[in-house]
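In what follows, a single structure is set out as structure tokens and then discussed.
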């Protein structure tokens, strides 16, 4: 504003002089020419006057030109242009800074999502590993004594000790054999063959669990048959199948580990294995029936009658009256006690 007011008055003055000189020159030129023709002496006055007016016009024009260039650097338009340029540069710098921040946030968000996905995957692995550890804890028997330093056991430890389970009645096999040999049919409140089915507190497991155990044994034999292996007496069973059966049953029923030398799992096989049961399984499965047709180790099934109060026959192809029991003995099981590792101990069969 100061620059504008400073050059405003000279500019107006120059414009006034220029306008006045042009008007006077135009207005006086014709009358003076006529007067000069009439009075020759006036011609001497006319020439200086015209020159003076031309000089005034020239000076006024130069003044306007100089005034224009003198005020041009201080033009408000130029100040506005410079200010806009500065603001533009500042805004562009701010925009670039914001873009960098946005890119950093996007990178952090991407990294956070990756970490979240990795965490979820790791959590799933940890949960799966925990389940695997629990399964392994039920499958592996450790020969060392005591607890493993730094390892927390799950439920029943890998190497259970009798001192921790004082309420169990049948920790050694001899305790069960003493009852087994003395017992007679209907002489015991509980089925003798499953007396050792006791949990950590020494209580017998439920009938439903007993039935599930027997069902799993039958299912194990079915798997063997589908693999082309015919189940045999425990004394003739190979180490691979002995260990696999032990790991399978103790893994699902950890209370079977609560004994001396894993005798309870072995006794399961001895108590419930019969060739007639294996034959019945084959007879009930068309695929197995074809696979094992005329197999020398599989007897022909005419009728299956079990005299154990602990189990039920798998199938009867011949019916007998309630007062009469028809039994065709094809082969008998002579083991009543599971042999220890490396031994072939057998006992006379009885009716329990």
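Observations on the structure shown:
- Cβ-based exposure ranking for 224, 204, in which fewest neighbours within 10 Å come first: 204, 224
- Ratio Rg/Rh, restricted to the range 163-250 and using Cα atoms, in which Rh is the Kirkwood radius: 1.01
Any read-out appearing in this document is the output of simple, stated calculations on the displayed coordinates, not a laboratory observation. What you see is a predicted model; the values in this text were computed from it and never measured. All Cβ positions, glycine included, derive from the backbone under ideal geometry; neighbour counts span all protein chains shown.
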